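A short write-up of the structure that comes next.
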Amino acid sequence: MQYEITLPADYDMSIIRDRVATRGHALDDRAGLGLKAYLIRERGGAGSPVNQYAPFYLWHDAGRMGEFLAGGGGFQGIVGDFGRPVVQHWTGLAVEAGPAGGTAPLAASRRLTPMPASADPAEQVAGALAELRDLSGAEGLHTAALAVDPHHWRLVTFALWEREVPAAAHAGAERYEVLHLSAPGLGSLPRGRAW
């Protein structure tokens with residue numbers, strides 16, 4: 001899941017940096033959470049057109065995700081400070097570990113790939129799974145995940161990177177800076193295809 005809080009062009013992003021520095025550890029041991037990457041994009045940085053706070057989560061327990069969002073499990077802090085953002089959530093298809101899995105990632109990428117109605121979804125997913133396996137060997141990759149958005153029929157490929165997003169490895173992706181990574185259940189996320 002991910003929510004994007006787009007901030008004014010002149011917003012002082014040090015406010016978000018301070019928020020993460022003081023509150024980011026709150027999910028370091030959250031039951032049911034694979035990982036939460038505290039992500040930002042700064043206007044003008046890495047080609048970003050906006051200032052944005054956009055945390056990305058991989059959950060391995062949908063009930064715990066529900067508790068976090070609607071059961072008083074933590075999301076009320078975001079709602080209290082920024083209002084209630086739209087939360088995008090997808091069906092996970094695969095997770096792969098990369099060669100830099102033991103490092104603290106500093107960058108992330110997210111690529112959205114439309115699934116045309118004229119194409120076979122199973123073939124599109126098979127191709128994306130093969131790309132994810134190839135991506136898993138990329139130098140500097142920490143973790144990569146593939147999901148499907150059946151509401152808009154598109155694939156979501158998310159990747160964490162040790163230092164920066166290599167242009168060739170994940171072309172056409174949105175790029176983020178990782179301020180903190182909470183990964184209490186990263187080791188228990190199933191690897192490879194989810195079925």
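The values are calculated or read from the model by the stated rules, or taken from the named source; none is laboratory data. Predicted, not measured: the structure shown is a model, and the values here were computed from it. Every residue, glycine among them, receives a Cβ derived from its backbone with ideal geometry; neighbour counts consider all protein chains shown. Please note that ligands, DNA and RNA were not included when accessible areas were found on the heavy atoms of the full protein model with its side chains. Shrake-Rupley method; radii C 1.70, N 1.55, O 1.52, S 1.80 Å.
When the stretch 180-195 is limited to residues that are assigned to a strand (DSSP E or B) and closer than 19 Å to residue 157 by Cα, the one that is least open to solvent (accessible area, probe 1.4 Å) turns out to be 192.
Conditions tested, residue by residue: (1) out of contact with any strand residue (DSSP E or B) (no Cβ under 9 Å at 6 or more places or on another chain); (2) at positive phi; (3) touching a residue at least 24 places away in the same chain (Cβ under 8 Å).
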position: 32; (1), (2), (3): no, yes, yes
position: 54; (1), (2), (3): no, no, yes
position: 58; (1), (2), (3): no, no, yes
position: 65; (1), (2), (3): no, no, yes
position: 75; (1), (2), (3): no, no, no
position: 86; (1), (2), (3): no, no, yes
position: 99; (1), (2), (3): no, no, yes
position: 105; (1), (2), (3): no, no, yes
position: 109; (1), (2), (3): no, no, yes
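Can you tell me which residues in the stretch 87-135 are more than 17 Å from residue 174 (Cα to Cα) and assigned to a strand (DSSP E or B)? Answer for the stretch 87-135, where residues must be more than 17 Å from residue 174 (Cα to Cα) and assigned to a strand (DSSP E or B): 87, 91, 92, 93, 94, 95, 96, 97. Kindly check whether there is at least one residue in the stretch 147-166 that is farther than 28 Å from residue 5 by Cα, hydroxyl-bearing (Ser, Thr, Tyr) and out of contact with any Cys (no Cβ under 6 Å at 6 or more places or on another chain). Within the stretch 147-166, not a single residue is farther than 28 Å from residue 5 by Cα, hydroxyl-bearing (Ser, Thr, Tyr) and out of contact with any Cys (no Cβ under 6 Å at 6 or more places or on another chain).
Are there any pairs with C-beta distances below 6 angstrom linking a residue in the stretch 163-179 that is over 15 Å from residue 42 (Cβ atoms) and open to solvent by less than 70 Å² (accessible area, probe 1.4 Å) to a residue that is outside any strand (DSSP E or B) and at pLDDT 90 or above, with the two at least 6 apart or on different chains, and if so which? Going by the 6 Å Cβ cut-off, the qualifying pairs are 169/138.
Taking residue 138 as the residue in question, decide whether it is without any contact (Cβ under 8 Å) to a residue 24 or more places away in the chain and assigned to a loop (DSSP other than H, G, I, E, B). No.
Residues that are hydroxyl-bearing (Ser, Thr, Tyr) and in contact with a Ser or Thr (Cβ under 9 Å, 6 or more places away or on another chain) were ranked within the stretch 98-127; the one that is surrounded by the most Cβ atoms within 10 Å (Cβ to Cβ) is 109.
Limited to the stretch 38-60, what total is found for residues that are under 30 Å from residue 188 (Cβ atoms) and exposed (fewer than 14 other Cβ atoms within 10 Å of the Cβ)? Write out each step before concluding.
At the first step, the residues of the stretch 38-60 found to be under 30 Å from residue 188 (Cβ atoms) are 38-41, 52-60.
If we keep only those that are exposed (fewer than 14 other Cβ atoms within 10 Å of the Cβ) as well, we get none.
So the answer is 0.
Just checking, which of 82, 68 is buried (at least 16 other Cβ atoms within 10 Å of the Cβ) and more than 21 Å from residue 108 (Cα to Cα)?
On the way: 82 fails: buried (at least 16 other Cβ atoms within 10 Å of the Cβ).
After ruling out the rest, the residue left standing is 68.
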